[in-house]
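The values are calculated or read from the model by the stated rules, or taken from the named source; none is laboratory data. Everything numeric here is computed off the predicted structure, so don't read it as measured data. Note: ideal-geometry Cβ built from the backbone for every residue, glycine included; neighbour counts use all protein chains shown. Surface areas here come from the heavy atoms of the whole protein model, side chains and all, with no ligands, DNA or RNA. Shrake-Rupley method; radii C 1.70, N 1.55, O 1.52, S 1.80 Å.
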Amino acid sequence: MEAHGGNLEATARRLGCRPDQILDASASLAPFALPRAARRALRQVDLRAYPDRSQWRLRQQIALLHQLAPEAVLPGNGAAELFTWAARDAASSGVSLLPQPGFADYGRSLQCWGGQQRSWSLPLEWDQAFPQPFPAASAAEVFWITNPHNPTGQLWSRESLEPLLARHRLVICDEAFLSLVPGGEQQSLIPLVAEHSNLVVIRSLTKLYGIAGVRLGYAVAQPERLQRWAQWRDPWPINAWAGALADALLRDPRDYARWCARVQRWVVEEGGWLQRRLRDLPGIRPYPSAVNYLLLRAEQGSLQPLREALEQRHRILVRDCRSFAGLGESWLRIGLQDRAGNRRLLRALGAELLQ
Ligand SMILES: Cc1ncc(COP(=O)(O)O)c(C=O)c1O
């Protein structure tokens with residue numbers, strides 16, 4: 001499984017410090033505090049009533065963001081819940097092809113249904129120019145895409161993804177990070193859903209708003225598929241807090257657009273700044289990324305001693321990449337922070353690498 005930044009309590013106990021003293025660069029979340037109206041909405045939630053089972057209001061709000069019919073949207077308890085239902089369709093459609101290195105939750109979802117899976121390897125060299133053409137892959141009935149890719153941060157072009165729809169029985173495109181990518185929306189497959197009954201797009205609000213604890217995501221697909229999923233799942237997958245928060249965040253599409261623009265500005269400015277400084281450090285090579293995380297590779301040997309030193313001496317967590325098939329101990333992934341956090345990370349890396 002993906003080792004999320006959700007182990008802060010346990011790490012703090014191990015390091016003998018408080019969780020808020022740790023800089024968690026292993027998770028990749030936008031660093032901004034939620035708007036005041038959203039925090040207020042959370043305090044006013046009616047906990048006595050069952051949430052609306054149809055999630056109609058939320059579906060309408062999300063549909064408006066993407067110029068869709070509400071029936072083409074299904075909100076979920078995070079993208080992770082929706083992968084489970086996508087995987088049920090995948091398992092009954094044939095063999096799933098999973099890019100590696102890739103996000104481990106697709107495999108978890110397929111295993112729920114005994115779905116067959118095969119992995120294929122992404123080339124581990126790429127340049128700075130985004131969007132990039134998606135590399136050709138071997139045949140299988142079901143294709144899983146992550147755009148932008150996790151853990152590499154590559155943004156794939158829509159033009160190169162579209163032909164997959166003619167070749168595969170089912171295409172599942174995880175766009176969990178796409179709203180954080182400058183220019184990312186132009187590469188989304190959402191506009192193709194109306195024409196393609198074999199396409200599912202999955203989005204998440206987790207990364208964009210920094211709300212991993214809330215669990216909010218949505219699927220976009222043709223209504224018949226989503227109606228089927230709605231019958232399989234439990235009756236109230238969006239709890240009252242998540243519903244109220246989504247309502248406050250998405251009620252006005254202009255607020256959503258402004259928030260995306262703010263987050264994307266941070267990715268451009270802070271991402272560029274961090275990349276330049278990382279390039280000046282010896283022993284590591286930062287890889288180009290379109291989004292708010294990037295891979296580091298050792299010039300030689302392992303980066304595990306560096307990861308352990310960051311944790312133990314500097315209370316900084318970065319993502320261990322040994323659990324990504326195709327990567328290993330010479331790779332680390334770091335999540336972009338605000339300027340103060342990025343400075344702290346660079347100081348720690350400098351202290352370890354410039355000795
Ligand atoms: C590529 C990718 N998709 C989806 C998710 C899960 O999103 P959510 O928090 O909405 O379940 C993650 C979380 O790490 C991710 O990396």
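Rounded to the nearest 20, the Cβ-based charge dipole of the chain about its Cα centre (Lys and Arg +1, Asp and Glu -1) stands at 980 debye. Semi-axis lengths, largest first, of the ellipsoid equivalent to the chain are 32, 25, 19 Å, with √(5λ) applied to each eigenvalue of the Cα gyration tensor. Between the residues 44, 293, 67, the greatest Cα displacement towards the positive end of the dipole of the chain, with unit charges on the Cβ of Lys, Arg, Asp and Glu, is found for 44. Taking every C-alpha pair closer than 8 Å and separated by at least 6 residues, the mean separation divided by the residue count of the range 48-251 gives a relative contact order of 26 percent.
Counting each pair of different Cα atoms once, what's the Kirkwood radius of the range 258-352 in Å, rounded to one decimal? Before the final figure, lay out the partial values.
Numbers: mean 1/r = 0.0729 Å⁻¹.
For the range 258-352, the Kirkwood estimate is 13.7 Å.
Using the charge dipole of the range 48-251 (Lys, Arg: +1 at Cβ; Asp, Glu: -1 at Cβ; taken about the Cα centre), state which of 82, 163, 243 has its Cα farthest towards the positive end. Working it through, the farthest residue towards the positive pole turns out to be 243. The per residue volume of the convex hull around the alpha-carbon atoms of the range 48-251 is 114 Å³. Between residue 15 and residue 112, full extension at 0.36 nm per residue minus the direct alpha carbon distance yields a gain of 31.4 nm. Across the alpha-carbon atoms of the range 1-119, the computed radius of gyration and Dmax are 19.0, 51 angstrom. Of 321, 112, 17, the order by accessible heavy-atom surface (1.4 Å probe, DNA, RNA and ligands excluded), from most exposed downward, is 112, 17, 321.
Simple point charges give the picture: +1 on the Cβ of Lys and Arg, -1 on the Cβ of Asp and Glu, and for the range 48-251 a dipole about the Cα centre of about 600 debye.
When each of the peptides 303-313, 169-179 is scored by the mean number of other C-beta atoms lying within 10 Å of its residues, the order from highest to lowest reads 169-179, 303-313.
Of 204, 138, the order by accessible heavy-atom surface (1.4 Å probe, DNA, RNA and ligands excluded), from most exposed downward, is 138, 204. If you run the Gaussian network model on the chain, springs between alpha carbon atoms under 10 Å, then out of 162, 195, 71 the most flexible one is 195.
Considering the options 183, 143, 15, tell which one lies farthest towards the positive end of the dipole of the chain, charges being +1 on Lys and Arg and -1 on Asp and Glu at the Cβ, about the Cα centre. Result: 15.
Entry note, the range 52-122: relative contact order of 27 percent, from Cα contacts under 8 Å with a spacing of 6+ residues.
Across the range 9-103, Cα pairs under 8 Å and at least six residues apart give a relative contact order of 11 percent.
Counting only DSSP beta bridges with both residues in the range 48-251, the antiparallel share comes to about 30 percent.
Within the assembled protein chains, the solvent-accessible surface assigned to residue 42 is about 50 Å², based on a 1.4 Å probe. Largest to smallest in accessible area, the residues 56, 229, 241 fall in the order 241, 56, 229 (1.4 Å probe, all protein chains included). Take the chain with all the other protein chains still there, run a 1.4 Å probe, and you get 45 Å² of accessible area per residue.
Distance between the modelled labels on residue 48 and residue 323, one decimal in nanometres: 4.2 nm (7 Å Cα→Cβ projection).
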